[in-house]
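Beneath this line is the structure, given in C-alpha coordinates, with notes to follow.
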(Lines give C-alpha, C1' and ligand atoms only; values in the text may rest on other atoms or scores of the structure.)
Protein backbone atom coordinates (compact mmCIF):
# COMPACT_ATOMS: atom_id res chain seq x y z
CA UNK A 1 0.00 0.00 0.00
CA UNK A 2 1.44 3.36 -1.02
CA UNK A 3 1.11 6.18 1.49
CA UNK A 4 0.28 9.75 0.47
CA UNK A 5 0.31 12.60 2.98
CA UNK A 6 -2.62 15.01 3.10
CA UNK A 7 -0.10 17.85 3.12
CA UNK A 8 1.07 16.83 -0.37
CA UNK A 9 -2.51 17.14 -1.63
CA UNK A 10 -2.81 20.58 -0.01
CA UNK A 11 0.44 21.85 -1.58
CA UNK A 12 -0.58 20.68 -5.02
CA UNK A 13 -4.11 22.07 -4.77
CA UNK A 14 -2.69 25.44 -3.65
CA UNK A 15 -0.55 25.62 -6.81
CA UNK A 16 -3.29 24.28 -9.09
CA UNK A 17 -5.74 26.98 -7.97
CA UNK A 18 -3.30 29.70 -8.99
CA UNK A 19 -2.16 27.99 -12.18
CA UNK A 20 -5.64 27.35 -13.57
CA UNK A 21 -6.86 30.88 -12.93
CA UNK A 22 -3.84 32.66 -14.40
CA UNK A 23 -2.83 30.54 -17.41
CA UNK A 24 -5.27 29.55 -20.15
CA UNK A 25 -4.74 25.99 -21.51
CA UNK A 26 -2.62 26.15 -24.71
CA UNK A 27 -5.07 24.09 -26.81
CA UNK A 28 -7.84 26.56 -26.03
CA UNK A 29 -5.67 29.62 -26.64
CA UNK A 30 -4.66 28.23 -30.06
CA UNK A 31 -8.33 27.78 -30.97
CA UNK A 32 -9.22 31.33 -29.88
CA UNK A 33 -6.37 32.72 -32.02
CA UNK A 34 -7.55 30.65 -34.98
CA UNK A 35 -11.06 32.07 -34.62
CA UNK A 36 -9.67 35.55 -35.29
CA UNK A 37 -9.10 34.47 -38.92
CA UNK A 38 -12.54 32.98 -39.40
CA UNK A 39 -14.72 35.48 -37.51
CA UNK A 40 -16.81 37.47 -40.00
CA UNK A 41 -17.88 40.46 -37.91
CA UNK A 42 -15.47 43.40 -37.35
CA UNK A 43 -16.90 43.92 -33.84
CA UNK A 44 -16.50 40.19 -33.22
CA UNK A 45 -12.86 40.34 -34.32
CA UNK A 46 -12.28 43.23 -31.93
CA UNK A 47 -13.67 41.13 -29.06
CA UNK A 48 -11.38 38.21 -29.92
CA UNK A 49 -8.40 40.57 -30.07
CA UNK A 50 -9.24 41.81 -26.58
CA UNK A 51 -9.54 38.23 -25.32
CA UNK A 52 -6.12 37.34 -26.77
CA UNK A 53 -4.53 40.44 -25.23
CA UNK A 54 -6.27 39.62 -21.95
CA UNK A 55 -4.76 36.12 -21.81
CA UNK A 56 -1.30 37.60 -22.47
CA UNK A 57 -1.66 40.27 -19.77
CA UNK A 58 -2.84 37.66 -17.26
CA UNK A 59 0.16 35.45 -18.06
CA UNK A 60 2.76 38.23 -17.98
CA UNK A 61 1.49 39.88 -14.81
CA UNK A 62 0.39 36.66 -13.12
CA UNK A 63 -3.13 37.92 -12.48
CA UNK A 64 -6.37 35.99 -13.02
CA UNK A 65 -7.74 35.84 -16.58
CA UNK A 66 -11.17 36.70 -15.18
CA UNK A 67 -12.14 38.26 -11.84
CA UNK A 68 -14.61 35.40 -11.34
CA UNK A 69 -12.14 32.78 -10.21
CA UNK A 70 -15.00 30.44 -9.66
CA UNK A 71 -16.38 27.73 -7.46
CA UNK A 72 -13.44 25.38 -6.85
CA UNK A 73 -14.52 22.10 -8.46
CA UNK A 74 -12.32 18.99 -8.12
CA UNK A 75 -12.47 15.57 -9.73
CA UNK A 76 -10.32 13.08 -7.87
CA UNK A 77 -9.49 9.64 -9.24
CA UNK A 78 -8.11 7.83 -6.24
CA UNK A 79 -6.08 4.68 -6.84
CA UNK A 80 -7.30 1.96 -4.50
CA UNK A 81 -3.69 1.06 -3.59
CA UNK A 82 -3.14 4.48 -2.01
CA UNK A 83 -3.54 5.17 1.69
CA UNK A 84 -4.09 8.81 2.73
CA UNK A 85 -2.23 9.82 5.91
CA UNK A 86 -2.35 12.85 8.19
CA UNK A 87 -5.85 14.14 7.50
CA UNK A 88 -9.01 13.85 5.42
CA UNK A 89 -9.12 14.35 1.66
CA UNK A 90 -11.84 16.97 1.98
CA UNK A 91 -9.91 19.07 4.48
CA UNK A 92 -6.65 18.66 2.53
CA UNK A 93 -8.32 20.05 -0.61
CA UNK A 94 -10.13 22.84 1.20
CA UNK A 95 -6.89 23.94 2.87
CA UNK A 96 -5.22 24.04 -0.55
CA UNK A 97 -8.07 26.19 -1.89
CA UNK A 98 -7.80 28.52 1.11
CA UNK A 99 -4.06 29.01 0.53
CA UNK A 100 -4.15 29.21 -3.27
CA UNK A 101 -6.97 31.76 -3.41
CA UNK A 102 -5.28 33.96 -0.82
CA UNK A 103 -1.76 33.79 -2.24
CA UNK A 104 -2.90 34.12 -5.84
CA UNK A 105 -5.04 37.24 -5.19
CA UNK A 106 -8.04 35.31 -6.46
CA UNK A 107 -11.60 36.42 -5.71
CA UNK A 108 -13.49 34.62 -2.98
CA UNK A 109 -16.93 33.99 -4.42
CA UNK A 110 -18.67 31.49 -2.13
CA UNK A 111 -21.67 32.40 0.06
CA UNK A 112 -22.37 30.53 3.31
CA UNK A 113 -25.92 29.47 2.52
CA UNK A 114 -27.76 29.71 -0.78
CA UNK A 115 -31.00 31.35 0.30
CA UNK A 116 -31.00 33.40 3.50
CA UNK A 117 -27.72 34.78 4.81
CA UNK A 118 -25.51 34.59 1.68
CA UNK A 119 -22.48 35.78 3.65
CA UNK A 120 -19.11 35.33 1.96
CA UNK A 121 -17.13 32.46 3.51
CA UNK A 122 -14.03 34.61 2.97
CA UNK A 123 -11.70 31.90 1.65
CA UNK A 124 -13.55 30.41 -1.34
CA UNK A 125 -14.27 27.18 0.54
CA UNK A 126 -15.94 24.77 0.58
CA UNK A 127 -14.80 23.22 -2.68
CA UNK A 128 -17.05 20.89 -4.69
CA UNK A 129 -15.29 17.50 -4.68
CA UNK A 130 -16.10 14.34 -6.65
CA UNK A 131 -14.12 11.20 -5.90
CA UNK A 132 -13.90 8.00 -7.94
CA UNK A 133 -12.09 4.93 -6.72
CA UNK A 134 -9.95 3.49 -9.53
CA UNK A 135 -7.40 0.66 -9.87
CA UNK A 136 -3.72 1.48 -9.30
CA UNK A 137 -1.47 3.39 -6.90
CA UNK A 138 -1.77 6.89 -8.31
CA UNK A 139 -4.04 9.83 -7.52
CA UNK A 140 -5.22 12.09 -10.33
CA UNK A 141 -6.64 15.47 -9.34
CA UNK A 142 -8.40 17.69 -11.87
CA UNK A 143 -9.26 21.24 -10.86
CA UNK A 144 -11.85 23.13 -12.91
CA UNK A 145 -12.83 26.49 -11.37
CA UNK A 146 -16.34 27.40 -12.54
CA UNK A 147 -17.53 30.97 -12.96
CA UNK A 148 -21.10 31.90 -12.06
CA UNK A 149 -22.01 33.56 -15.35
CA UNK A 150 -21.53 30.47 -17.48
CA UNK A 151 -22.63 27.97 -14.83
CA UNK A 152 -25.98 29.78 -14.54
CA UNK A 153 -26.56 28.97 -18.21
CA UNK A 154 -26.82 25.20 -17.61
CA UNK A 155 -29.76 22.87 -17.88
CA UNK A 156 -30.99 19.28 -17.61
CA UNK A 157 -33.95 17.84 -19.52
CA UNK A 158 -35.49 14.38 -19.25
CA UNK A 159 -36.33 13.83 -22.92
CA UNK A 160 -38.30 11.03 -24.55
CA UNK A 161 -36.36 8.33 -26.42
CA UNK A 162 -38.59 9.11 -29.42
CA UNK A 163 -37.22 12.70 -29.51
CA UNK A 164 -34.17 11.20 -31.23
CA UNK A 165 -31.24 13.08 -32.72
CA UNK A 166 -33.43 15.95 -33.93
CA UNK A 167 -34.77 16.41 -30.41
CA UNK A 168 -31.29 16.58 -28.93
CA UNK A 169 -30.19 19.09 -31.57
CA UNK A 170 -33.22 21.33 -30.93
CA UNK A 171 -32.70 21.13 -27.18
CA UNK A 172 -28.99 22.05 -27.27
CA UNK A 173 -29.19 24.72 -29.99
CA UNK A 174 -32.25 26.44 -28.49
CA UNK A 175 -30.66 26.39 -25.07
CA UNK A 176 -27.52 28.09 -26.43
CA UNK A 177 -29.69 30.62 -28.25
CA UNK A 178 -31.52 31.50 -25.03
CA UNK A 179 -28.22 31.82 -23.16
CA UNK A 180 -27.03 34.25 -25.88
CA UNK A 181 -24.50 36.79 -24.60
CA UNK A 182 -24.79 35.82 -20.92
CA UNK A 183 -22.13 33.07 -20.66
CA UNK A 184 -19.40 35.32 -22.22
CA UNK A 185 -19.06 33.78 -25.70
CA UNK A 186 -17.13 32.39 -27.48
CA UNK A 187 -18.22 29.40 -25.40
CA UNK A 188 -17.33 25.73 -25.05
CA UNK A 189 -20.48 23.59 -24.87
CA UNK A 190 -20.53 20.42 -22.77
CA UNK A 191 -23.39 18.04 -23.59
CA UNK A 192 -24.39 14.93 -21.64
CA UNK A 193 -26.75 12.30 -23.07
CA UNK A 194 -27.94 9.21 -21.19
CA UNK A 195 -27.82 7.96 -17.61
CA UNK A 196 -29.99 9.36 -14.84
CA UNK A 197 -30.91 12.91 -13.79
CA UNK A 198 -27.70 13.53 -11.82
CA UNK A 199 -25.47 11.38 -14.03
CA UNK A 200 -26.27 13.36 -17.16
CA UNK A 201 -25.36 16.67 -15.47
CA UNK A 202 -22.01 15.15 -14.52
CA UNK A 203 -21.48 13.95 -18.11
CA UNK A 204 -22.06 17.47 -19.43
CA UNK A 205 -19.61 18.86 -16.89
CA UNK A 206 -16.95 16.23 -17.58
CA UNK A 207 -17.31 16.88 -21.31
CA UNK A 208 -15.78 20.31 -20.64
CA UNK A 209 -12.59 18.71 -19.30
CA UNK A 210 -11.67 17.10 -22.62
CA UNK A 211 -8.87 18.86 -24.60
CA UNK A 212 -10.85 21.45 -26.51
CA UNK A 213 -11.98 20.34 -29.96
CA UNK A 214 -10.88 16.72 -29.46
CA UNK A 215 -13.75 14.68 -30.96
CA UNK A 216 -15.79 12.02 -29.18
CA UNK A 217 -14.16 8.62 -29.95
CA UNK A 218 -17.50 7.31 -31.29
CA UNK A 219 -17.80 8.54 -34.89
CA UNK A 220 -21.59 9.06 -34.62
CA UNK A 221 -21.23 11.38 -31.65
CA UNK A 222 -18.20 13.10 -33.19
CA UNK A 223 -20.38 13.91 -36.21
CA UNK A 224 -23.17 15.15 -33.95
CA UNK A 225 -20.65 17.43 -32.20
CA UNK A 226 -19.75 19.01 -35.55
CA UNK A 227 -23.40 19.32 -36.56
CA UNK A 228 -24.21 21.07 -33.27
CA UNK A 229 -21.20 23.38 -33.53
CA UNK A 230 -22.26 24.52 -36.98
CA UNK A 231 -25.86 25.12 -35.97
CA UNK A 232 -24.85 27.01 -32.81
CA UNK A 233 -22.51 29.27 -34.77
CA UNK A 234 -25.14 29.80 -37.45
CA UNK A 235 -27.34 31.48 -34.83
CA UNK A 236 -25.19 34.57 -35.49
CA UNK A 237 -24.83 35.38 -31.79
CA UNK A 238 -21.06 35.77 -32.17
CA UNK A 239 -18.36 36.80 -29.69
CA UNK A 240 -19.99 38.38 -26.59
CA UNK A 241 -23.35 38.23 -28.39
CA UNK A 242 -22.50 41.33 -30.46
CA UNK A 243 -23.28 39.41 -33.68
CA UNK A 244 -20.83 37.24 -35.63
CA UNK A 245 -19.85 33.75 -36.65
CA UNK A 246 -17.97 32.57 -33.54
CA UNK A 247 -20.51 31.82 -30.82
CA UNK A 248 -18.94 28.49 -29.82
CA UNK A 249 -15.37 27.21 -30.13
CA UNK A 250 -16.26 23.55 -29.59
CA UNK A 251 -19.04 21.15 -28.63
CA UNK A 252 -18.13 18.08 -26.59
CA UNK A 253 -20.58 15.22 -26.03
CA UNK A 254 -20.25 12.55 -23.34
CA UNK A 255 -22.70 9.65 -23.20
CA UNK A 256 -23.77 6.81 -20.92
CA UNK A 257 -26.20 3.92 -21.39
CA UNK A 258 -29.81 4.88 -20.87
CA UNK A 259 -32.87 3.41 -19.11
CA UNK A 260 -35.33 1.96 -21.68
CA UNK A 261 -37.86 4.65 -20.70
CA UNK A 262 -35.49 7.62 -20.64
CA UNK A 263 -33.22 9.86 -22.65
CA UNK A 264 -31.68 12.33 -20.24
CA UNK A 265 -29.83 15.29 -21.75
CA UNK A 266 -27.86 18.15 -20.20
CA UNK A 267 -25.93 21.23 -21.27
CA UNK A 268 -23.12 22.80 -19.23
CA UNK A 269 -21.42 25.84 -20.74
CA UNK A 270 -17.93 27.25 -20.24
CA UNK A 271 -16.92 30.75 -21.27
CA UNK A 272 -13.83 31.26 -23.47
CA UNK A 273 -11.74 30.81 -20.32
CA UNK A 274 -12.47 27.09 -20.10
CA UNK A 275 -10.05 26.61 -17.21
CA UNK A 276 -8.81 23.27 -15.98
CA UNK A 277 -5.56 21.70 -14.82
CA UNK A 278 -4.71 18.18 -13.74
CA UNK A 279 -1.92 16.54 -11.77
CA UNK A 280 -1.02 12.96 -11.08
CA UNK A 281 0.42 12.32 -7.62
CA UNK B 1 -13.73 50.51 -36.89
CA UNK B 2 -14.78 53.88 -35.46
CA UNK B 3 -14.43 54.38 -31.73
CA UNK B 4 -16.14 57.20 -29.82
CA UNK B 5 -14.39 58.72 -26.82
CA UNK B 6 -16.71 59.73 -23.99
CA UNK B 7 -16.16 61.46 -20.64
CA UNK B 8 -17.87 60.34 -17.46
CA UNK B 9 -20.13 61.48 -15.84
CA UNK B 10 -22.53 61.86 -18.77
CA UNK B 11 -25.10 64.45 -19.86
CA UNK B 12 -28.41 63.76 -21.65
CA UNK B 13 -26.75 64.99 -24.86
CA UNK B 14 -23.87 62.53 -24.51
CA UNK B 15 -26.28 59.67 -23.96
CA UNK B 16 -28.64 60.59 -26.80
CA UNK B 17 -25.71 60.62 -29.26
CA UNK B 18 -24.86 56.98 -28.50
CA UNK B 19 -26.31 54.23 -30.71
CA UNK B 20 -26.51 50.47 -30.22
CA UNK B 21 -23.37 48.98 -31.79
CA UNK B 22 -21.13 51.99 -31.04
CA UNK B 23 -17.73 51.17 -29.61
CA UNK B 24 -16.70 53.64 -26.95
CA UNK B 25 -13.68 54.41 -24.79
CA UNK B 26 -14.68 55.90 -21.44
CA UNK B 27 -12.49 58.20 -19.38
CA UNK B 28 -13.30 59.86 -16.07
CA UNK B 29 -14.97 58.66 -12.89
CA UNK B 30 -17.39 55.72 -12.79
CA UNK B 31 -18.76 53.67 -9.88
CA UNK B 32 -18.62 49.93 -9.30
CA UNK B 33 -21.70 48.26 -7.81
CA UNK B 34 -23.25 44.81 -8.18
CA UNK B 35 -25.97 42.67 -6.58
CA UNK B 36 -25.65 43.39 -2.85
CA UNK B 37 -24.90 47.12 -3.29
CA UNK B 38 -27.89 47.55 -5.64
CA UNK B 39 -30.16 45.88 -3.11
CA UNK B 40 -29.05 48.35 -0.43
CA UNK B 41 -29.30 51.42 -2.69
CA UNK B 42 -32.84 50.57 -3.75
CA UNK B 43 -33.87 49.90 -0.13
CA UNK B 44 -32.68 53.44 0.72
CA UNK B 45 -34.60 54.86 -2.26
CA UNK B 46 -37.76 53.09 -1.11
CA UNK B 47 -37.39 54.68 2.32
CA UNK B 48 -36.63 58.10 0.77
CA UNK B 49 -33.26 58.16 2.50
CA UNK B 50 -30.11 59.71 1.06
CA UNK B 51 -27.71 57.54 -0.92
CA UNK B 52 -24.00 57.09 -0.17
CA UNK B 53 -23.17 58.24 -3.73
CA UNK B 54 -24.71 60.90 -5.99
CA UNK B 55 -26.17 59.07 -9.00
CA UNK B 56 -26.84 62.07 -11.25
CA UNK B 57 -25.11 61.54 -14.61
CA UNK B 58 -23.13 58.56 -13.36
CA UNK B 59 -22.04 55.37 -15.06
CA UNK B 60 -22.41 52.27 -12.88
CA UNK B 61 -20.12 49.32 -13.67
CA UNK B 62 -21.36 45.87 -12.60
CA UNK B 63 -18.14 44.38 -11.31
CA UNK B 64 -16.81 42.48 -8.32
CA UNK B 65 -13.05 42.75 -8.79
CA UNK B 66 -10.40 40.27 -7.71
CA UNK B 67 -8.13 41.52 -4.90
CA UNK B 68 -5.35 43.88 -6.06
CA UNK B 69 -1.79 42.59 -5.95
CA UNK B 70 0.72 44.99 -4.36
CA UNK B 71 1.32 47.81 -6.84
CA UNK B 72 -1.93 47.27 -8.73
CA UNK B 73 -4.82 49.80 -8.67
CA UNK B 74 -7.31 46.92 -8.78
CA UNK B 75 -7.32 43.18 -9.45
CA UNK B 76 -8.92 41.62 -12.55
CA UNK B 77 -12.13 43.55 -13.12
CA UNK B 78 -14.39 42.33 -15.91
CA UNK B 79 -18.17 42.77 -16.06
CA UNK B 80 -20.65 40.48 -14.32
CA UNK B 81 -24.02 39.33 -15.71
CA UNK B 82 -26.33 42.36 -15.83
CA UNK B 83 -29.66 40.50 -15.73
CA UNK B 84 -29.34 40.13 -11.96
CA UNK B 85 -29.54 43.93 -11.67
CA UNK B 86 -32.72 44.17 -13.81
CA UNK B 87 -35.00 44.41 -10.77
CA UNK B 88 -33.13 47.51 -9.54
CA UNK B 89 -32.16 49.30 -12.76
CA UNK B 90 -35.35 51.28 -13.51
CA UNK B 91 -35.13 52.91 -10.06
CA UNK B 92 -31.43 53.63 -10.53
CA UNK B 93 -32.26 55.41 -13.80
CA UNK B 94 -35.09 57.30 -12.15
CA UNK B 95 -32.55 58.57 -9.60
CA UNK B 96 -30.26 59.97 -12.30
CA UNK B 97 -27.98 57.12 -13.40
CA UNK B 98 -27.15 57.67 -17.09
CA UNK B 99 -25.44 54.44 -18.06
CA UNK B 100 -24.56 51.02 -16.80
CA UNK B 101 -21.90 48.58 -17.95
CA UNK B 102 -22.15 44.81 -17.61
CA UNK B 103 -22.63 41.85 -19.91
CA UNK B 104 -25.65 39.91 -21.09
CA UNK B 105 -29.30 40.56 -21.80
CA UNK B 106 -31.63 43.05 -20.05
CA UNK B 107 -35.37 42.64 -19.55
CA UNK B 108 -38.02 44.75 -21.25
CA UNK B 109 -38.62 46.91 -18.15
CA UNK B 110 -34.95 47.99 -18.22
CA UNK B 111 -35.05 48.70 -21.97
CA UNK B 112 -38.21 50.79 -21.50
CA UNK B 113 -36.66 52.68 -18.59
CA UNK B 114 -33.56 53.47 -20.69
CA UNK B 115 -35.82 55.14 -23.26
CA UNK B 116 -37.94 56.90 -20.62
CA UNK B 117 -35.11 58.32 -18.50
CA UNK B 118 -32.56 58.66 -21.33
CA UNK B 119 -29.95 56.10 -20.42
CA UNK B 120 -27.76 53.55 -22.18
CA UNK B 121 -26.70 50.02 -21.38
CA UNK B 122 -23.21 49.06 -22.46
CA UNK B 123 -21.29 45.80 -22.37
CA UNK B 124 -17.62 45.33 -21.65
CA UNK B 125 -15.96 42.11 -22.79
CA UNK B 126 -16.87 39.41 -20.30
CA UNK B 127 -13.78 37.42 -19.41
CA UNK B 128 -11.34 40.23 -20.24
CA UNK B 129 -10.85 41.05 -16.56
CA UNK B 130 -7.06 41.34 -16.72
CA UNK B 131 -7.14 43.71 -19.70
CA UNK B 132 -9.93 45.85 -18.24
CA UNK B 133 -8.09 46.19 -14.91
CA UNK B 134 -5.30 48.03 -16.77
CA UNK B 135 -7.75 50.74 -17.84
CA UNK B 136 -8.71 51.43 -14.21
CA UNK B 137 -6.13 53.83 -12.83
CA UNK B 138 -7.47 54.27 -9.31
CA UNK B 139 -9.97 52.43 -7.15
CA UNK B 140 -11.35 53.47 -3.80
CA UNK B 141 -14.11 51.88 -1.71
CA UNK B 142 -16.66 54.62 -0.98
CA UNK B 143 -19.51 52.62 0.59
CA UNK B 144 -20.28 49.24 2.16
CA UNK B 145 -16.69 48.00 2.69
CA UNK B 146 -18.13 45.02 4.57
CA UNK B 147 -19.41 43.68 1.23
CA UNK B 148 -15.85 42.93 0.09
CA UNK B 149 -15.81 42.38 -3.68
CA UNK B 150 -19.37 43.75 -3.76
CA UNK B 151 -18.58 47.11 -2.10
CA UNK B 152 -19.26 50.35 -3.97
CA UNK B 153 -16.03 51.65 -5.50
CA UNK B 154 -15.13 54.95 -7.13
CA UNK B 155 -13.07 54.12 -10.20
CA UNK B 156 -10.92 56.45 -12.25
CA UNK B 157 -10.84 55.01 -15.75
CA UNK B 158 -8.89 55.86 -18.89
CA UNK B 159 -9.97 54.60 -22.31
CA UNK B 160 -12.14 51.90 -20.78
CA UNK B 161 -13.58 49.93 -23.75
CA UNK B 162 -17.30 49.16 -24.00
CA UNK B 163 -19.95 48.55 -26.66
CA UNK B 164 -23.42 50.13 -26.61
CA UNK B 165 -26.10 47.43 -26.43
CA UNK B 166 -29.35 49.29 -25.63
CA UNK B 167 -29.74 52.96 -26.53
CA UNK B 168 -32.32 55.70 -25.83
CA UNK B 169 -34.01 54.91 -29.14
CA UNK B 170 -34.97 51.38 -28.12
CA UNK B 171 -32.36 49.58 -30.26
CA UNK B 172 -30.79 46.33 -29.01
CA UNK B 173 -27.44 45.15 -30.39
CA UNK B 174 -27.96 41.63 -29.03
CA UNK B 175 -31.04 41.25 -31.25
CA UNK B 176 -29.83 43.19 -34.28
CA UNK B 177 -26.24 41.85 -34.28
CA UNK B 178 -27.35 38.22 -34.21
CA UNK B 179 -29.93 38.88 -36.96
CA UNK B 180 -27.21 40.25 -39.23
CA UNK B 181 -25.02 37.15 -38.94
CA UNK B 182 -27.65 34.39 -38.59
CA UNK B 183 -27.91 31.97 -41.50
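Picking from residues in segment B:148-159 that are within 12 Å of another protein chain (Cβ to nearest Cβ) and touching a strand residue (DSSP E or B) at 6+ places or on another chain (Cβ under 7 Å), the one that is farthest from residue B:101 (Cα to Cα) is B:148. A search for C-beta distances below 6 Å between a residue of segment B:165-183 that is facing chain A (nearest Cβ under 7 Å) and without any contact (Cβ under 8 Å) to a residue 24 or more places away in the chain and any residue that is part of a loop (DSSP other than H, G, I, E, B) and surrounded by 22 or more Cβ atoms within 10 Å (Cβ to Cβ), counting only pairs 6+ apart in sequence or on different chains, returns B:178/A:237; B:178/A:243; B:180/A:243; B:181/A:238; B:181/A:243; B:181/A:244. Against the numbered list (1) within 11 Å of chain A (Cβ to nearest Cβ); (2) assigned to a loop (DSSP other than H, G, I, E, B); (3) without any contact (Cβ under 8 Å) to a residue 60 or more places away in the chain, residue B:106 comes up short only at (3). In the set B:140, B:146, B:156, only one residue is out of contact with any helix residue (DSSP H, G or I) (no Cβ under 9 Å at 6 or more places or on another chain) and either more than 21 Å from residue B:10 (Cβ to Cβ) or in a helix (DSSP H, G or I) (or both); that residue is B:146. Residue A:240 meets the conditions (1) assigned to a helix (DSSP H, G or I); (2) farther than 30 Å from residue A:56 by Cα in every case but one. The failed one is (2). Do we find a residue being more than 25 Å from residue A:245 (Cα to Cα) and surrounded by 24 or more Cβ atoms within 10 Å (Cβ to Cβ) anywhere in segment B:171-181? No, there is no match, as no residue in segment B:171-181 is more than 25 Å from residue A:245 (Cα to Cα) and surrounded by 24 or more Cβ atoms within 10 Å (Cβ to Cβ).
Would a scan of segment B:43-56 turn up a residue that is more than 10 Å from chain A (Cβ to nearest Cβ), closer than 29 Å to residue A:271 by Cβ and at pLDDT 95 or above? Among the residues of segment B:43-56, not one is more than 10 Å from chain A (Cβ to nearest Cβ), closer than 29 Å to residue A:271 by Cβ and at pLDDT 95 or above, which makes the answer no.
Annotation: residue A:205 fulfils all but one of (1) within 14 Å of chain B (Cβ to nearest Cβ); (2) in a helix (DSSP H, G or I); (3) surrounded by 19 or more Cβ atoms within 10 Å (Cβ to Cβ); the unmet one is (1). In this structure, residue A:163 does not satisfy being within 30 Å of residue A:241 (Cβ to Cβ) and free of Cβ contacts under 8 Å to residues at least 12 places away in the same chain. Restricting attention to segment A:233-247, the residues being crowded, with 22+ Cβ neighbours inside 10 Å and touching a residue at least 60 places away in the same chain (Cβ under 8 Å) number 10. Filtering segment A:56-72 to residues that are outside any loop (DSSP other than H, G, I, E, B), touching a helix residue (DSSP H, G or I) at 6+ places or on another chain (Cβ under 8 Å) and more than 8 Å from every other protein chain (Cβ to nearest Cβ) leaves A:59, A:71.
Collect the residues in segment A:73-103 that are surrounded by fewer than 16 Cβ atoms within 10 Å (Cβ to Cβ) and either within 19 Å of the chain's Cα centre (by Cα) or in a loop (DSSP other than H, G, I, E, B) (or both), keeping them in residue-number order. Across segment A:73-103, the qualifying residues are A:80, A:81, A:86, A:87, A:88. The residues listed here are A:47, A:43, A:55, A:73; of these, the one that is in contact with a strand residue (DSSP E or B) (Cβ under 8 Å, 6 or more places away or on another chain) and under 30 Å from residue B:179 (Cα atoms) is A:43. The set of residues in segment A:37-49 that are surrounded by fewer than 19 Cβ atoms within 10 Å (Cβ to Cβ), within 8 Å of chain B (Cβ to nearest Cβ) and assigned to a helix (DSSP H, G or I) contains only A:42. For the structure I just gave you, tell me whether residue A:93 is touching a residue at least 60 places away in the same chain (Cβ under 8 Å) and under 26 Å from residue A:234 (Cα atoms). Against the criterion (touching a residue at least 60 places away in the same chain (Cβ under 8 Å) and under 26 Å from residue A:234 (Cα atoms)), residue A:93 does not qualify.
Does residue A:272 satisfy the criteria of being within 30 Å of residue B:173 (Cβ to Cβ), in a loop (DSSP other than H, G, I, E, B) and touching a residue at least 24 places away in the same chain (Cβ under 8 Å)? Yes.
Considering (1) within 13 Å of another protein chain (Cβ to nearest Cβ); (2) in contact with a helix residue (DSSP H, G or I) (Cβ under 6 Å, 6 or more places away or on another chain); (3) surrounded by 18 or more Cβ atoms within 10 Å (Cβ to Cβ), the lone condition that residue B:84 does not fulfil carries the number (3).
For segment A:54-72, a residue qualifies if it is farther than 17 Å from residue A:28 by Cβ and surrounded by fewer than 24 Cβ atoms within 10 Å (Cβ to Cβ), and the qualifying residues are A:60, A:61, A:62, A:71.
For segment B:110-123, check the following and say yes or no: at least one residue is assigned to a loop (DSSP other than H, G, I, E, B) and crowded, with 24+ Cβ neighbours inside 10 Å. The answer is yes, given that some residue of segment B:110-123 is assigned to a loop (DSSP other than H, G, I, E, B) and crowded, with 24+ Cβ neighbours inside 10 Å. Report the residue count in segment B:1-30 for those that are in a loop (DSSP other than H, G, I, E, B), out of contact with any helix residue (DSSP H, G or I) (no Cβ under 8 Å at 6 or more places or on another chain), free of Cβ contacts under 8 Å to residues at least 60 places away in the same chain and within 14 Å of chain A (Cβ to nearest Cβ). Final tally of qualifying residues: 1.
The values are calculated or read from the model by the stated rules, or taken from the named source; none is laboratory data. Everything numeric in this text was worked out from a predicted model, so none of it was measured. Cβ sites come from the backbone with ideal geometry, for glycine too, and all protein chains shown count toward neighbours.
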